[in-house]
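Below: the structure, in structure tokens.
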Amino acid sequence: MEARAHLTNARIAPRKVQIVLDLIRGKDVETAMAIMNNTPKSACEYLTKLLKSAVANAENNFDMDRTNLYISECYVSPGPIMKRIMPRDHGRAFRINKRTSNVTLVVKERV
């Protein structure tokens, strides 16, 4: 049995989120929370809330024990890109891509 949590259209680039997801994949929930609390990355703020949500889903919807939970899978995919322009010299306009992320986090119970 597994519990999921999704985060859509987060205003952070997927490559920044992927760095933190690689750190916590396969770890138990308490270890993953400790890693994210001590990692100075902006993605940790989003992922901490997402992990708490997945744990709450596991406890309340599936009656799983919090102490046996671990992160079985976690992945990020690119969301919609907001396109902005930066004025440059001679009347030109350079494009700035404001990237967004869709993150999925799945927790399972160890047997």
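The values are calculated or read from the model by the stated rules, or taken from the named source; none is laboratory data. Quick caveat, the model's predicted, so the values are computed rather than measured. Here Cβ is always computed from backbone atoms with ideal geometry, including for glycine, and neighbour counts include all displayed protein chains.
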Looking across region 80-95 at residues that are assigned to a strand (DSSP E or B) and basic (Lys, Arg), the single one that is farthest from Arg11 (Cα to Cα) is Arg95
Taking the criterion of being surrounded by fewer than 18 Cβ atoms within 10 Å (Cβ to Cβ), in a loop (DSSP other than H, G, I, E, B) and at pLDDT below 95, would at least one residue in region 1-24 satisfy it?
yes
So which residues in region 47-72 are closer than 20 Å to Ile19 by Cα and out of contact with any helix residue (DSSP H, G or I) (no Cβ under 7 Å at 6 or more places or on another chain), if there are any at all?
Lys49, Leu50, Lys52, Ala54, Ser72
If I filter region 27-34 for residues that are among the charged types (D, E, K, R), part of a strand (DSSP E or B) and surrounded by 14 or more Cβ atoms within 10 Å (Cβ to Cβ), do I get at least one hit?
yes
What are the residue pairs meeting all of these: first residue in region 7-34, first residue under 20 Å from Thr100 (Cα atoms), second residue hydroxyl-bearing (Ser, Thr, Tyr) and assigned to a helix (DSSP H, G or I), Cβ atoms under 6 Å, and 6 or more apart or on different chains?
Ala10/Tyr46
Of all residues in region 12-61 being among the charged types (D, E, K, R) and touching a strand residue (DSSP E or B) at 6+ places or on another chain (Cβ under 7 Å), which is farthest from Glu73 (Cα to Cα)?
Asp28
